[in-house]
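To start, the structure under review is shown below, and the notes come after it.
Please treat every number below as a calculation from the coordinates, not as lab data. From a predicted model like this one, the values you see are computed outputs, not experimental measurements. Note that we place each Cβ from the backbone using ideal geometry, even for glycine, and neighbour counts take in every protein chain shown.
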Amino acid sequence: MAREEVRGHERTMGAFGKWAKAIARVACVACAAIGVAAATGNASDGVAREQYRLDPVRSGVAFDVKYLWHSRLAMRFGRMRAQLAGAENGLAAARVSVTIDAASLEANMPFLAGIVEGDEMLDAARYPSIRFVSTRFVRTGASSGLLEGQLTIRTTTRPVALVVTFDDTPRGASGDAGSLAFSADGHFSRAAFGLSRWPVAVGDDVHMRIYVEFVRERTNP
């Protein structure tokens, strides 16, 4: 009698074990499905995103500085890249980065362009990029603001503040009135960046102007 009870107990435990394994398999499949759904949700929540692409034709960077008493040396960089990130959360949360090709300099006095690019000034052969990265933006008016950031020339990085003026009606290459265009003006000391050659002929205070137009695009989820 005891042996029959043992056998019955073993059959019951065996059935319970199979049932428990089946539940475990279902639970694992459910967990995996939840994990995939969560990963998919993180990658794309089904909402179209806005991003901004630089219009290089309508963008650029210019420097100018006092030269020989009553003249000014005006310089423009022909090649640059810029990115605007986080603007979908408002301009206060956005970040702007601008990378300038130091060897693309043009000047109103052409013979000076090569000197400024040379090893006694920008040394573009060794330091091909000038870079500005914003750290903070504050709106000061309906079409104005203050953009703070870090400017790097050669191996030196210094904080700069730029006064921003927005273009209320920008027109990109496609005529898109939804583009975002602005100019950012500021000043820096060239001596602070180690560019102190020819102090008698060339002033220390450099006016910098960044003007950009970003074309708004929507990305599909």
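Computed quantities for the displayed model
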item	result
From phi via Karplus (6.51, -1.76, 1.60), per-residue ³J(HN,Hα) for segment 104-113 in Hz, x at Gly/Pro	9, 6, 10, 9, 5, 10, x, 5, 8, 4
Residue-span extension gain [residue 133 to residue 152] - 0.36 nm each, minus C-alpha spacing	6.0 nm
For segment 63-131, with +1 on Lys and Arg beta carbons and -1 on Asp and Glu, the positive-most of 74, 104, 90 along the dipole	90
Dipole in debye (nearest 20) - segment 69-221, about Cα centre, beta carbon charges: Lys, Arg +1; Asp, Glu -1	220 debye
Along principal axes, Cα extents of segment 51-131, largest first, whole Å	46, 30, 21
Percent RCO, i.e. relative contact order, over segment 70-221, from Cα pairs under 8 Å lying at least 6 residues apart	15 percent
³J(HN,Hα) computed for each position of segment 186-198 - Karplus, 6.51 cos²θ - 1.76 cosθ + 1.60, integer Hz, glycine/proline x	x, 9, 8, 8, 5, 5, 5, 9, x, 9, 9, 5, 6
Extended-chain gain in nm, criterion 0.36 nm per residue less alpha-carbon gap, residue 161 and residue 126	9.9 nm
Proximal charge balance of residue 108 [Cβ under 12 Å; K/R count +1, D/E count -1]	0
Three-way shape call for segment 49-207 based on the alpha-carbon gyration tensor, with the a/c threshold at 1.5	prolate
